[in-house]
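Comments concern the structure below.
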Amino acid sequence: MDGGGRLDQPLKRSGQSTARPLLRGRWVSRFAHLPLPRGVGTVGLVLLLAGTLGYGAIVGQHVAAVTDWFKAARDIAANSVGFRIAAISLTGEKEVSREEVLTTAGVTGRASLLFLDADAARARLMANPWIADAAVLKLYPDRLQITVTERQAFALWQKDGQVSVIAADGTVLEPFVENRYLALPLVVGPGAAGQAKDFLVILDRYSDIRSLLRASILVAARRWNLLLKNGIDVRLPETNVEGALDRLVQLDRDKKLLSRDITMVDLRLADRVTVRLSDAAAQARDEALQSKKKKKGGDA
């Protein structure tokens with residue numbers, strides 16, 4: 001075009017230069033008067049710092065430290081908007097203290113309900129040998145419910161010279177260090193922890209024998225020997241343990257077998273019972289036999 005105009009310049013619509021700024025200004029002024037939600041400033045600051053530190057972590061290779069910081073920061077942010085854990089209901093703990101349960105579950109004074117991983121908390125709790133089962137329930141916005149089911153001390157297990165407290169399922173609960181466990185039955189040998197429950201259930205039916213028992217010893221992971229308090233070793237068969245114990249009880253009632261000067265009773269064969277005398281009893285028996293032989297020779 002002539003007159004200094006240029007064909008490549010865009011044409012301006014009437015009022016375009018002023019309409020858009022006025023519209024933007026109108027919306028800005030409208031939102032400027034709205035109240036911000038509680039905690040938005042804290043959340044914004046946390047997000048800004050998280051972004052800055054995240055970049056620094058990648059560059060400086062400090063990912064682990066920054067990850068811990070980020071977890072703490074997100075809890076602060078969540079707590080600031082109403083997700084702080086205000087009440088904790090804990091039931092079922094006895095052997096494990098309340099403090100240990102909460103620490104294991106990851107519940108601290110800074111933890112938020114929003115970011116607490118209930119499944120991970122449950123898994124950590126069940127890693128404790130005393131805890132057989134656990135439930136972690138989040139009740140929004142600020143309550144946490146934890147229920148634990150504990151194992152019970154069932155027996156003492158001796159292996160390789162070390163004694164441990166075990167549960168009925170064979171789980172090792174802790175080393176034996178407390179006198180309150182002295183009354184628990186003692187089982188000995190590799191594999192004895194896992195087989196103790198079934199065997200001791202049988203033995204409980206024979207109160208006379210159980211009262212004399214010092215330890216139950218698993219032999220070759222197949223059968224049991226009983227070590228009595230008076231030192232007698234009772235060898236049980238691999239099968240039909242109840243039948244062998246019936247015979248033992250009957251022999252003790254009829255012949256006072258377990259009160260005699262013997263060291264071993266072998267019940268492994270169904271058709272016979274083998275008894276080993278103590279050294280002193282064996283010597284006295286030999287002397288008595290020799291005396292009888294001499295008398296017979298003199299009479300002749």
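Need the failing condition index for residue 103 against (1) farther than 13 Å from residue 144 by Cβ; (2) touching a strand residue (DSSP E or B) at 6+ places or on another chain (Cβ under 9 Å); (3) hydroxyl-bearing (Ser, Thr, Tyr), just the number.
(2)
Please go through segment 228-245 and pick out each residue that is surrounded by 14 or more Cβ atoms within 10 Å (Cβ to Cβ) and assigned to a loop (DSSP other than H, G, I, E, B).
232, 236, 237
Yes/no matrix, rows are residues, columns are (1) in contact with a strand residue (DSSP E or B) (Cβ under 9 Å, 6 or more places away or on another chain); (2) in a helix (DSSP H, G or I); (3) open to solvent by less than 100 Å² (accessible area, probe 1.4 Å); (4) modelled with pLDDT of 95 or more:
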position	(1), (2), (3), (4)
263	yes, no, yes, yes
269	no, no, yes, yes
281	yes, yes, yes, no
285	yes, yes, no, no
289	no, yes, yes, no
293	no, yes, no, no
296	no, yes, no, no
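Would you check which residues across segment 192-209 are in a loop (DSSP other than H, G, I, E, B) and surrounded by 15 or more Cβ atoms within 10 Å (Cβ to Cβ) and list them?
206
Take segment 88-103 and flag every residue that is part of a strand (DSSP E or B) and either open to solvent by 50 Å² or more (accessible area, probe 1.4 Å) or modelled with pLDDT under 95 (or both).
88, 89, 91
Which ones in segment 154-191 are under 21 Å from the mean Cα position of the chain (by Cα), of a type in the set (A, V, I, L, M) and surrounded by fewer than 19 Cβ atoms within 10 Å (Cβ to Cβ)?
Across segment 154-191, the qualifying residues are 163, 168, 172, 177, 184.
Does segment 217-227 contain at least one residue that is charged (D, E, K, R), surrounded by 15 or more Cβ atoms within 10 Å (Cβ to Cβ) and within 30 Å of residue 279 (Cβ to Cβ)?
For segment 217-227, residues charged (D, E, K, R), surrounded by 15 or more Cβ atoms within 10 Å (Cβ to Cβ) and within 30 Å of residue 279 (Cβ to Cβ): present.
How about segment 195-209: which of its residues are in contact (Cβ under 8 Å) with a residue 24 or more places away in the chain and either closer than 16 Å to residue 245 by Cβ or β-branched (Val, Ile, Thr) (or both)? So that I can check it myself, show each step before the final result.
Let us first name the residues in segment 195-209 that are in contact (Cβ under 8 Å) with a residue 24 or more places away in the chain, namely 195-197, 199-200, 202-203, 205-206, 208-209.
Across segment 195-209, the qualifying residues are 199, 200, 202, 203, 205, 206, 208, 209.
Out of segment 169-194, which residues are among the polar types (S, T, N, Q) and without any contact (Cβ under 8 Å) to a residue 40 or more places away in the chain? If you could, list the steps in order and put the result at the bottom.
Within segment 169-194, the subset among the polar types (S, T, N, Q) is 171, 179.
The one that is among the polar types (S, T, N, Q) and without any contact (Cβ under 8 Å) to a residue 40 or more places away in the chain: 179.
Condition first: in contact with a Leu (Cβ under 8 Å, 6 or more places away or on another chain), within 21 Å of residue 172 (Cα to Cα) and not charged (D, E, K, R). Now tell me which residues in segment 200-251 satisfy that.
215, 216, 217, 224
With the requirement that a residue be charged (D, E, K, R), open to solvent by 40 Å² or more (accessible area, probe 1.4 Å) and either in contact with an Asp or Glu (Cβ under 6 Å, 6 or more places away or on another chain) or part of a helix (DSSP H, G or I) (or both), what does segment 122-152 give you?
Those that are charged (D, E, K, R), open to solvent by 40 Å² or more (accessible area, probe 1.4 Å) and either in contact with an Asp or Glu (Cβ under 6 Å, 6 or more places away or on another chain) or part of a helix (DSSP H, G or I) (or both): 122, 124.
Inspect segment 104-121 for any residue being of a type outside the set (Phe, Trp, Tyr), closer than 25 Å to residue 82 by Cβ and assigned to a strand (DSSP E or B) and give the result as yes or no.
Yes, segment 104-121 contains at least one residue that is of a type outside the set (Phe, Trp, Tyr), closer than 25 Å to residue 82 by Cβ and assigned to a strand (DSSP E or B).
For segment 72-86, which residues satisfy the criterion of being touching a residue at least 40 places away in the same chain (Cβ under 8 Å), under 11 Å from residue 142 (Cα atoms) and buried (at least 19 other Cβ atoms within 10 Å of the Cβ)?
83, 85
The values are calculated or read from the model by the stated rules, or taken from the named source; none is laboratory data. Given the structure is predicted, the values throughout are model-derived calculations rather than measurements. Neighbour counts are summed over all protein chains in view; Cβ atoms, including those assigned to glycine, are modelled from backbone coordinates with ideal geometry. When the accessible area is computed, the model is the full protein with side chains, heavy atoms only, and any ligands, DNA or RNA have been set aside. Shrake-Rupley method; radii C 1.70, N 1.55, O 1.52, S 1.80 Å.
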